[in-house]
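**Q** Have a look at this one.
Any read-out appearing in this document is the output of simple, stated calculations on the displayed coordinates, not a laboratory observation. Just so you know, these numbers come straight off a predicted model, no measurement behind them. Cβ sites come from the backbone with ideal geometry, for glycine too, and all protein chains shown count toward neighbours.
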Number of protein chains: 2
Amino acid sequence: MAAPTTITALAGGVGAARLLRGLVAVADPAEVTAIVNTGDDIVLHGLAISPDLDTITYTLAGAISREQGWGLEGETWHAMGALDRYGGQTWFRLGDQDLATHLYRTQRRSEGATLTEVTAEIVRAWGLALRLLPMSDDRVETRVRVLGEGELGFQEYFVGRQHGVPVESVRFVGAEDAKPGPEVLAAIATAERVVVCPSNPIVSIGPVLAVPGIADALRARRADAVAVSPIIAGAALKGPADRLLTELGHESSVVGVARLYAPYVATMVIDEADAGLAPAVEAAGIRPVVAPTIMHGPDEAAALARVVLEA
Amino acid sequence: MAAPTTITALAGGVGAARLLRGLVAVADPAEVTAIVNTGDDIVLHGLAISPDLDTITYTLAGAISREQGWGLEGETWHAMGALDRYGGQTWFRLGDQDLATHLYRTQRRSEGATLTEVTAEIVRAWGLALRLLPMSDDRVETRVRVLGEGELGFQEYFVGRQHGVPVESVRFVGAEDAKPGPEVLAAIATAERVVVCPSNPIVSIGPVLAVPGIADALRARRADAVAVSPIIAGAALKGPADRLLTELGHESSVVGVARLYAPYVATMVIDEADAGLAPAVEAAGIRPVVAPTIMHGPDEAAALARVVLEA
């Protein structure tokens with residue numbers, strides 16, 4: 001059986017960006033679509049900032065900072081340095097070149113372009129052939145209720161508190177009234193392979209599923225859908241997925257992830273470290289595929305992408 | 001007679017900034033107030049940009065780029081360079097450190113601070129003691145009708161077209177409904193000396209006079225008010241004041257300026273090059289004081305400031 005050639009992936013930030021880098025290396029990039037979480041988006045200094053969209057764009061363009069895992073390689077920080085003079089909000093670090101992305105996005109939005117349209121322009125400017133679709137052109141805002149502090153915006157929790165505080169609940173403000181981006185449902189319906197990237201199930205994939213219509217579209221493609229577990233040996237490689245799962249009453253393991261994803265995917269790739277949990281994943285209703293899932297570099301990303309396409 | 005110690009100046013950009021630098025050198029800076037044109041303000045990339053306020057702040061802080069006459073000395077341009085990748089709007093050049101001023105202003109405005117309040121914060125952050133008052137906290141927009149092109153925003157005309165196109169008319173959109181900034185009228189009423197800086201009479205001082213209440217407040221102080229002519233030997237040192245005066249039916253000379261300012265000032269400092277026109281200025285109803293008015297550096301600015309205070 002030939003590997004599927006049209007691929008639609010649900011994506012958050014860093015982990016998704018790495019798998020997508022693998023997918024565009026082993027498939028025709030023009031046939032790859034990523035539907036990206038925008039619940040993390042923030043307006044700061046009047047600028048429309050879309051961290052997950054930018055992390056994917058910069059990663060696929062080979063421009064991401066290897067050291068940071070976010071932002072641009074060789075970035076300078078003169079604007080943030082000068083903002084310190086004013087006691088401005090510098091907790092969310094924006095490099096000088098990265099600022100241009102937000103300036104452009106904000107200007108185009110003010111001219112009437114949708115987030116979907118301006119995202120396509122940005123992706124094209126970086127010379128990328130894949131299609132990057134914001135989950136919605138409507139504002140959906142992930143908000144996190146934190147023990148003792150009340151509710152925070154996602155970036156206040158994630159960056160401002162370094163996701164080091166206990167979470168009581170998460171909600172996606174605006175999701176109920178949001179519509180999927182104009183090409184989103186068709187991209188799910190027509191793909192030969194649907195992929196759920198190794199992103200945070202609660203705050204990266206969760207907002208995408210919360211946009212009315214997307215979860216139903218996924219359920220209809222369950223047989224062709226493959227997830228990659230973001231949890232390896234009980235822990236997240238990066239970010240708070242493990243803590244969030246536990247704090248919100250789920251199991252921080254591939255089994256906990258399998259239970260969340262069972263309505264949407266028939267297959268899940270789990271790391272070799274979790275081979276022993278394969279029967280429990282199976283019991284949760286998902287066929288496990290055991291493979292190395294840590295993507296240190298392009299070769300591992302491409303190998304994992306092949307597993308996902310051939311699973 | 002002792003020179004006046006409390007000073008309120010009407011100000012545009014570069015010329016005003018230089019005279020203000022002189023005024024704070026020869027008087028107590030804490031007793032100097034500038035009421036600044038905001039008709040040139042522009043929202044670009046979602047950012048609230050106030051060019052005249054910033055030119056004055058940077059000049060008085062000794063941070064203005066000497067070469068450009070605007071922006072910051074030692075500025076870098078990484079954001080603009082990166083914006084080129086997107087085909088973004090780079091005609092209005094914003095340096096990386098300068099961007100921080102606009103980021104801060106925009107953020108504070110979005111938090112509910114008035115332009116007057118955020119301007120005071122910025123001035124304080126630069127360690128300046130003078131008081132900088134936007135002419136209004138309401139939006140007033142200078143628009144320029146250009147031969148064959150229709151109406152342009154001021155910066156499109158001034159920066160985008162390098163003010164090299166013939167102007168048919170100028171208007172100040174929003175001025176009729178604008179209120180003077182909260183401290184503006186009192187600053188005019190209580191100053192011992194009112195100064196009209198050597199700024200463009202049409203597009204720098206014009207918008208200030210167009211805010212209801214300010215012209216009347218000035219008329220009441222005419223005897224104590226001194227203008228410095230921005231026109232020397234028929235020409236503007238910088239910018240399109242000479243062309244604009246001619247195109248809009250005025251005389252491009254100290255006499256033309258005197259006719260415009262006669263309702264507001266009893267005295268005008270004119271350059272030595274225009275000594276021969278002193279009788280015509282007198283005939284326009286303004287007492288001329290002849291002095292060197294070109295401010296190459298701080299010494300000439302201080303000398304001119306002394307003339308203005310002692311006139």
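**Q** State, to one decimal in nm and shortest first, how far the label point of A:Asp84 sits from each corresponding label point in the other identical copies (label point: 7 angstrom along Cα-to-Cβ).
**A** So the label point of A:Asp84 gives 2.9 nm to the other copies.
**Q** As an exercise, use a Förster radius of 45 Å and the Cβ-Cβ distance of B:Glu149 and A:Trp126 to find the FRET efficiency, rounded to the nearest 0.05.
**A** 0.85
**Q** Quick check for me: using +1 on Lys/Arg Cβ and -1 on Asp/Glu Cβ, what's the dipole size of the range A:179-311 about its Cα centre, in debye to the nearest 20?
**A** It comes to approximately 380 debye.
**Q** Same structure, new question: Can you pull out the GluC sites (Glu not before Pro) in the range B:105-177 that DSSP calls coil and that have at most 14 other Cβ atoms within 10 Å?
**A** Taking the range B:105-177 and a limit of 14 other Cβ atoms within 10 Å, the loop GluC sites (Glu not before Pro) found are B:Glu111, B:Glu149.
**Q** Still on this structure, please answer the following. What's the magnitude of the charge dipole for the range B:99-196 around its Cα centre, counting Lys and Arg as +1 and Asp and Glu as -1 at the beta-carbon? Answer in Debye, nearest 20.
**A** I would put it at about 240 debye.
**Q** Please report the base-10 log of the normalised intensity I(q)/I(0) for the range B:138-211, using a Debye sum with one equal scatterer per alpha carbon and no solvent, at each q in 0.23 (1/Å).
**A** -1.06
**Q** Out of A:Gly297, B:Val196, A:Ala186, whose Cα points farthest toward the positive end of the dipole of the protein assembly as shown (charges: +1 Lys, Arg; -1 Asp, Glu; placed on Cβ)?
**A** The residue sitting farthest along the positive end of the dipole is A:Ala186.
**Q** Then there is this: How far, in nm, would the chain grow between B:Thr190 and B:Arg85 when pulled straight, counting 0.36 nm per residue and subtracting the alpha carbon separation?
**A** Value of the extension gain: 32.6 nm.
**Q** Now for a separate question. Name the trypsin sites (Lys or Arg not before Pro) in the range B:1-90 that are in a loop by DSSP and that have at most 12 other C-beta atoms within 10 Å, would you?
**A** B:Arg66
**Q** What does the copy distance list look like for A:Arg145, label position 7 Å along Cα→Cβ, in nm and ordered from shortest?
**A** Relative to the other copies, A:Arg145 has label-point distances of 5.9 nm.
**Q** Here's a follow-up. Rounded to the nearest 20 Debye, what is the dipole magnitude of the protein assembly as shown about its Cα centre when Lys and Arg each give +1 and Asp and Glu each give -1 at the C-beta?
**A** 300
**Q** Using a 7 Å offset from the Cα along the Cα-to-Cβ direction at both A:Glu67 and B:Ala30, what is the distance between the two label points in nm, to one decimal?
**A** Inter-label distance under the simple model: 4.5 nm.
**Q** Return the lysines within reach of A:Lys179: Cα separation strictly under 17 angstrom, same-chain partners fewer than 8 residues apart disregarded; answer none if there are no such residues.
**A** Counting by Cα, and skipping residues close in sequence, A:Lys179 has no lysines nearby.
**Q** Also, quick follow-up: How are the alpha carbon pair distances in the range A:34-130 distributed across 10 Å bins from zero to the largest one, expressed in percent?
**A** 15, 49, 31, 5, 0
**Q** I would also like to ask the following. Report the calculated FRET efficiency for B:Ala223 and B:Glu300 (r = Cβ-Cβ distance, R0 = 25 Å), to the nearest 0.05.
**A** 0.40
**Q** Run the helix sum for the protein assembly as shown: -39,500 (n - 2.57) per DSSP H stretch of 4+ residues, divided by residue count, reported at 222 nm to the nearest 500 deg cm²/dmol.
**A** Using -39500 (n - 2.57) per qualifying helix, the result is -10000 deg cm²/dmol.
**Q** I'd like the trypsin sites (Lys or Arg not before Pro) in the range B:205-311 restricted to DSSP loop residues with at most 14 other Cβ atoms within 10 Å, sorted by number.
**A** Taking the range B:205-311 and a limit of 14 other Cβ atoms within 10 Å, the loop trypsin sites (Lys or Arg not before Pro) found are B:Lys238.
**Q** Right, here's the next one. Output, in nm with one decimal and in ascending order, the distances from the B:Glu192 label point to the matching label points of the other copies (7 Å from Cα along Cα-to-Cβ).
**A** Values, ascending and in nm: 8.7.
**Q** Further question on the same structure: What percent antiparallel are the DSSP beta bridges of the protein assembly as shown, to the nearest 5?
**A** 40
**Q** Counting Lys and Arg as +1 and Asp and Glu as -1, what is the net charge of the other residues whose Cβ lies under 14 Å from the Cβ of A:Arg193?
**A** -2
**Q** Could you work out how much longer the chain between B:Ala283 and B:Ala233 gets when fully extended? Use 0.36 nm per residue separation minus the Cα distance between them, nm to one decimal.
**A** Extra length available between B:Ala283 and B:Ala233 comes to 16.2 nm.
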